[in-house]
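See structure below.
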Amino acid sequence: MSIASATLAKDSAVRASVQRTPAALILIGLAWIIFAVVLLLPLYIVVTQGLQRGLDVFWNAISEPDAISALKLTLLATGISVPLNLVFGVAAAWCVTKFEFRGKSLLITLIDMPFSVSPVVAGLIYVLLFGSQGVFAPFLQAHDLQIVYAVPGIVLATIFVTFPFVARELIPLMEEQGTTEEEAARLLGANGWQMFWHVTLPNVKWALIYGVVLCTARAMGEFGAVSVVSGHIRGMTNTLPLHIEILYNEYNIVAAFSVAILLLAMALVILLLRQWSESRLSRSLVRDDE
Amino acid sequence: MSIEIRGINKHFGNFQALKNIDLHIRSGELVALLGPSGCGKTSLLRIIAGLETPDTGSIVFHGEDVSSHDVRDRNVGFVFQHYALFRHMTVFDNVAFGLRMKPKKQRPSESVIASKVHELLNLVQLDWLADRYPEQLSGGQRQRIALARALAVEPKILLLDEPFGALDAKVRKELRRWLARLHEEVHLTSVFVTHDQEEAMEVADRIVVMNKGVIEQIGTPAEVYEKPASEFVYHFLGDSNRLQLAEDNHLLFRPHEVSLSRSAADEHRAAQVRDIRPLGAITRVTLQVDGQDELIEAEVAKDHGSLAGLVRGETLYFKPKAVLTPSGAVQHV
């Protein structure tokens, strides 16, 4: 939000001196209308619905034990899947853009797969693999391990759907930047780690941060795949989005929208974190020594 | 430090970029690898640096076979065509990079690094740009920073890939002379790649003319110009005219080695004037000879007697003063 408003403020200052044609005015007006209808109106409704019975009701809805446990599970799944996908995404983008090898295009296609596969199918894949009729069922039962309809399944499903975000942000940028700066670093005596830390990483840091932001937002909001593997056990395997659905299906509209406000607030915090990190990282990351 | 290149072959897929390259570069020499794009000159430079691995052959620095040495251990300075400055670092940090990457035990203190960096920036006359970022610099400035960065680790060998290729003509001329002077001062063994024969002639001690993955000729600028080993070298080192004498017999000569006359003269051939171009100190006359489509160009001093009042369509008589003989040498006739 703050990015958008900052950009708009800057643009309007620039545009003030420019002659506006009627066509431009119509297009600007249309953009605002669409922005209002598609983004602002739903946000407004979520907030007013959640708060319609007052702050006490809102607070009760988000502080009851089931909601707290859903929040914890969402944070856990996000906290595990984002760092893993960060490491994976950087490694995959590095490998795909800095080296030539057989099967490279196949790998790029595979990285994209979670985007093209429906999240429900993704969830089903894990049920078929780890469920009670699944491929690994005998092994899991023998060792008394529960993956599907338990926390590990939710984490796995979240990792799967957020798999491509970081890599997808990095690959086009790293491809465009090429490898000459890395070669220059090698020629100047940098070892592999120094080259990565001092040259490659600073060059992609904004894309990386953006990828992590998208990945985090998606991990917190993921519904489909998690829904399939969760089993919807209240207080045990419910994440925030699943909790909202259950409340909504029980006609507990106010509570559903209250928890939705919570989820929305978390998304806003992530966006603000990104803004904050932009200004900080630009100073620190470059000068850091090993 | 001398460089010995022995029997280098390199394929990229089915394309053979280098065929059996042998080359000896003496210590302290400034050598140009000259050739059209795709001739393998850049691949050869990258192989010397260790950025590419040859299929066969070896690279020897001062008697030591470095073929299996990693890029980091060859201690060569390399200047990339598009400079490859680290875009997120200031000019100072770019130049300091090589020193800061040294293992802890060999790494100089920050104050030593700072004085070294300023010394180098003074050498390339850009000390006042230390706090700028690469994107704030002009092409010529970037080029000199890239050079300072390469020199920071005190390499024994300096390799430059099309060092002036991306610069405009005037800056290029200045930098060329500057590089030749710098080479006198720091006295490194230097190899640079170029497709510009004028650049090679002006800067290099010796020129290696390459074509389609092989070395066509190695020699001083005067040698390759006066005694080209092949028609390719002759063509590549300057403009040339082809005069068809018979079905399978032709003469090659340079536009400035033509004698012109308004009246029929001994051994001169008649031709029709198609175009007259004053180019400053010289004037270029384009001539059409009977029996060949290819036009002949002659370049003479702008006050040459034959030019007075000359108009298109007139008949002019010309004679090549020096031609390339089939044996290879340029013969003055």
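None of the figures in this text is laboratory data; all of them are computed from the coordinates on show. This one's a predicted model, so the numbers in the text were calculated from it and none came from an experiment. Positions of Cβ are generated from backbone atoms using ideal geometry, with glycine treated the same way; all protein chains shown enter the neighbour counts.
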* Once phi is turned into θ = phi - 60°, what whole-Hz ³J(HN,Hα) does the Karplus curve with 6.51, -1.76 and 1.60 give for every residue of the range B:68-80, x standing for Gly and Pro? -> 8, 6, 5, 3, 5, 9, 8, 6, 10, x, 10, 10, 7
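Assuming a viscosity of 1.567 mPa s and a temperature of 4 °C, what translational diffusion coefficient in µm² per second does Stokes-Einstein assign to the range A:39-107, Rh being the Kirkwood radius over Cα pairs?
Details: Rh = 16.2 Å.
It comes out at roughly 80 µm²/s.
Can you list which of the GluC sites (Glu not before Pro) found in the range B:194-275 are DSSP loop residues with at most 11 other C-beta atoms within 10 Å? Write out the running numbers ahead of the final one.
Working: sites: B:198, B:199, B:202, B:216, B:223, B:226, B:231, B:247, B:257, B:267; in loops: B:247, B:257, B:267.
Answer in residue order: B:247, B:267.
Where both partners of a DSSP beta bridge lie in the protein assembly as shown, what percent of those bridges are antiparallel, to the nearest 5?
Around 75 percent of the beta bridges assigned by DSSP in the protein assembly as shown are antiparallel ones.
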* Asked: Stretched out fully, how many nm does the piece from residue B:247 to residue B:214 gain, at 0.36 nm a residue minus the Cα gap?
  -> 8.9 nm
* Given a cut-off of under 8 Å on Cα pairs at least six residues apart, what relative contact order in percent is computed for the range B:43-99? -> 23 percent
* Candidate lysines - alpha carbon under 18 Å from residue B:104, same-chain residues fewer than 8 apart omitted -> B:116
* **Rotationally averaged projected area of the protein assembly as shown (alpha carbon convex hull; nm²)** => 43.8 nm²
* Could you tell me which of the pairs A:98/A:205; B:10/B:41; A:104/A:205; B:173/B:321 are separated by over 20 angstrom between their Cα atoms in the structure shown? => A:104/A:205; B:173/B:321
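Nearest 5 percent is fine: what portion of the DSSP beta bridges confined to the range B:150-249 is antiparallel? Walk me through the numbers on the way to the answer.
Numbers: 6 of 11 bridges.
Once the DSSP bridges in the range B:150-249 are tallied, antiparallel ones form about 55 percent.
In µm²/s, what is D for the range B:53-207 at 37 °C and 0.692 mPa s, where D = kT/(6 pi eta Rh) by Stokes-Einstein and Rh is the Kirkwood radius from Cα pairs? Write out the running numbers ahead of the final one.
Numbers: Rh = 16.5 Å.
This corresponds to a translational diffusion coefficient of 199 µm²/s.
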* Structure fact -> For chain B the mean separation of alpha carbon contacts under 8 Å (6+ apart) over residue count, i.e. relative contact order in percent, is 17 percent
* Structure fact -> For the range B:240-332, inverting the pair-averaged 1/r of distinct alpha-carbon atoms gives a Kirkwood value in Å of 13.5 Å
* **Per-residue [θ]222 nm for the protein assembly as shown (sum of -39500 (n - 2.57) over DSSP H runs n ≥ 4, rounded to 500)** => -15500 deg cm²/dmol
* To do: For the range A:211-274, list log₁₀ I(q)/I(0) at each q in 0.16, 0.23 Å⁻¹, using the Debye formula over Cα point scatterers of equal strength and ignoring solvent, two decimals each.
  => -0.56, -0.98
* Structure fact -> Averaged over residues of B:84-92, the number of beta carbons from other chains lying within 10 Å of each residue's Cβ is 5
* Above 22 angstrom, tally the Cα pairs of chain A and express them as a % of all pairs, no decimals. => 69 percent
* Scan chain A and hand back the longest stretch that contains none of the chymotrypsin sites (Phe, Trp or Tyr not before Pro) lying in DSSP loops with at most 11 other Cβ atoms within 10 Å. => A:102-250
* Asked: Just for the Cα atoms in chain B, what are the lengths along the principal axes, largest first, rounded to whole Å?
  -> 80, 45, 33
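Between residue A:102 and residue B:226, what FRET efficiency follows from the Cβ-Cβ distance if R0 is 41 Å, with the result rounded to 0.05? Intermediate values should be presented prior to the final figure.
On the way: r = 50 Å, r/R0 = 1.22.
Plugging the Cβ-Cβ distance into 1/(1 + (r/R0)^6) gives 0.25.
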* Counting alpha carbon pairs within less than 8 Å and at least 6 residues apart, what relative contact order, in whole percent, applies to chain A? -> 30 percent
* Most mobile of B:109, B:68, B:190 per a Gaussian network model of chain B (Cα springs, under 10 Å)? -> B:109
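Counting only other residues whose beta carbon sits under 15 Å from that of residue B:292, what net charge do I get with K and R as +1, D and E as -1?
Details: positive: B:242, B:269, B:274; negative: B:247, B:248, B:290, B:293, B:294, B:297.
Around residue B:292, the charge tally is -3.
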* Structure fact -> Ranked on Cβ counts within 10 Å of their own Cβ, fewest leading, B:46, B:284 go B:284, B:46
